[in-house]
């Protein structure tokens with residue numbers, strides 16, 4: 001069994017395992033989408049104005065998902081292991097709300113889908 005640090009948040013988004021927002025029993029299986037909001041808040045609180053750039057990077061790394069599952073929405077959970085497929089509800093209100101909240105609260109409107117992620121997905125097809 002892989003370690004806790006193999007979750008989607010720690011491997012793809014470089015988010016510390018403590019922010020994964022999941023029970024110990026399920027921590028190697030899924031990542032909850034709502035936990036993205038508190039993580040972005042923490043980046044900005046810890047790093048101040050320099051954290052805005054890091055927070056924008058987190059949002060940019062997640063933006064690819066808006067074209068998966070339910071287009072324009074955020075899934076409830078994600079597989080912890082690559083390729084990190086969305087699972088659960090395809091349009092979870094708390095996941096959507098947290099992403100929108102941190103974008104609005106911190107003016108993170110400069111969203112760019114990472115080219116590398118799109119190229120990786122194209123290669124899988």
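Worth a mention:
- Qualifying residue in the range 79-87 (condition: modelled with pLDDT under 85 and crowded, with 17+ Cβ neighbours inside 10 Å): yes
- Test: residue 9 is under 15 Å from the mean Cα position of the chain (by Cα), assigned to a helix (DSSP H, G or I) and modelled with pLDDT under 70: yes
- Residue match in the range 62-69 (condition: at pLDDT below 90, closer than 19 Å to residue 31 by Cβ and outside any helix (DSSP H, G or I)): yes
- Taken together, the residues in the range 70-95 that are outside any loop (DSSP other than H, G, I, E, B) and out of contact with any helix residue (DSSP H, G or I) (no Cβ under 8 Å at 6 or more places or on another chain) amount to 2.
- Pairs where the first residue, in the range 38-55, is more than 12 Å from residue 106 (Cα to Cα) and the second is part of a helix (DSSP H, G or I), C-beta under 6 Å, 6+ apart: 39/19
The values are calculated or read from the model by the stated rules, or taken from the named source; none is laboratory data. Computed from a prediction, not measured in an experiment: that's the story for all the values here. Heads up, the Cβs are rebuilt from the backbone with ideal geometry, glycines too, and the neighbour counts pull from every protein chain shown.
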